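The values are calculated or read from the model by the stated rules, or taken from the named source; none is laboratory data. These numbers come from a predicted model, not from an experiment. Backbone-built Cβ (ideal geometry, glycine too); neighbour counts: all protein chains shown.
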Amino acid sequence: MAAGEVVDPAGVRWRVRRQWYPWRRRASLIDAWHSSPDQPANSEAATEDSESSDAGLPKNFLLKAILIAVAFIVWAVAGIGKVLLYSVLALLFVAVSLIELLAELVVMPIVLLLRVLGAARWPVQINRKGEHVATRYADDFAAATALRDEVAGRIEAGDLPVKEAEPAAD
């Protein structure tokens, strides 16, 4: 197992590491890509007889053809609309993520200098299954290493950290 990764007695993988970036990234492509809905989709397919498939359509062939053509056009327009919406949302997400990354890279040398000089504390980030659980702080780099090892040992022993409440958006 990689350094900083531990497994609790229940077999759940945790990651305990020093945080180098000035803050924990909010717009994470990995989190967005691997997110899933709370409820799984209903996968039961409805089976229909061949007689009941035409139950809602009129008997007139011309009217039936017009309704099918209109339904296809509506389906195509809705599909194109979805593709455009998803494309715009993906571009917006990438733009926000890049702006956040650039801001972190601009601020990072200042924060690292403050941490090395002892004016700022080193954060130790604790994740469970890829989700942020808690952040602990140490005064210097060596203390952050000791804190990381201590938290990892506690997790292996079964003393699990409590999830921190997310800061409220004001």
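For the subset of the stretch 139-170 comprising residues that are of a type in the set (Val, Ile, Thr) and at pLDDT 90 or above, which member is surrounded by the fewest Cβ atoms within 10 Å (Cβ to Cβ)?
Among residues in the stretch 139-170 that are of a type in the set (Val, Ile, Thr) and at pLDDT 90 or above, the one surrounded by the fewest Cβ atoms within 10 Å (Cβ to Cβ) is Thr145.
Within the stretch 121-138, identify whether any single residue is outside any strand (DSSP E or B), of a type in the set (A, V, I, L, M) and either touching a residue at least 60 places away in the same chain (Cβ under 8 Å) or surrounded by fewer than 11 Cβ atoms within 10 Å (Cβ to Cβ) (or both), and answer yes or no.
We begin by selecting, within the stretch 121-138, every residue outside any strand (DSSP E or B); these are 121, 129-130.
Subsequent filtering for residues that are of a type in the set (A, V, I, L, M) retains none.
No - not one qualifying residue is present in the stretch 121-138.
Is it the case, given these coordinates, that Asp54 is among the acidic types (Asp, Glu), surrounded by 10 or more Cβ atoms within 10 Å (Cβ to Cβ), under 20 Å from Lys129 (Cα atoms) and modelled with pLDDT under 85? It would help to see each step written out before you state the result.
Numbers: among the acidic types (Asp, Glu): yes; surrounded by 10 or more Cβ atoms within 10 Å (Cβ to Cβ): yes; under 20 Å from Lys129 (Cα atoms): no; modelled with pLDDT under 85: yes.
No, not satisfied.
Pairs under 8 Å by beta carbon, first residue of a type in the set (Val, Ile, Thr) in the stretch 87-104, partner at pLDDT below 90, six or more apart or different chains?
These pairs meet every condition: Val94/Leu29; Val96/Ala27.
Criterion first (touching a Leu at 6+ places or on another chain (Cβ under 8 Å), surrounded by 10 or more Cβ atoms within 10 Å (Cβ to Cβ) and either modelled with pLDDT under 90 or within 25 Å of Pro123 (Cβ to Cβ) (or both)) does Ser28 satisfy it?
No; evaluated as a whole, the condition is false for this residue.
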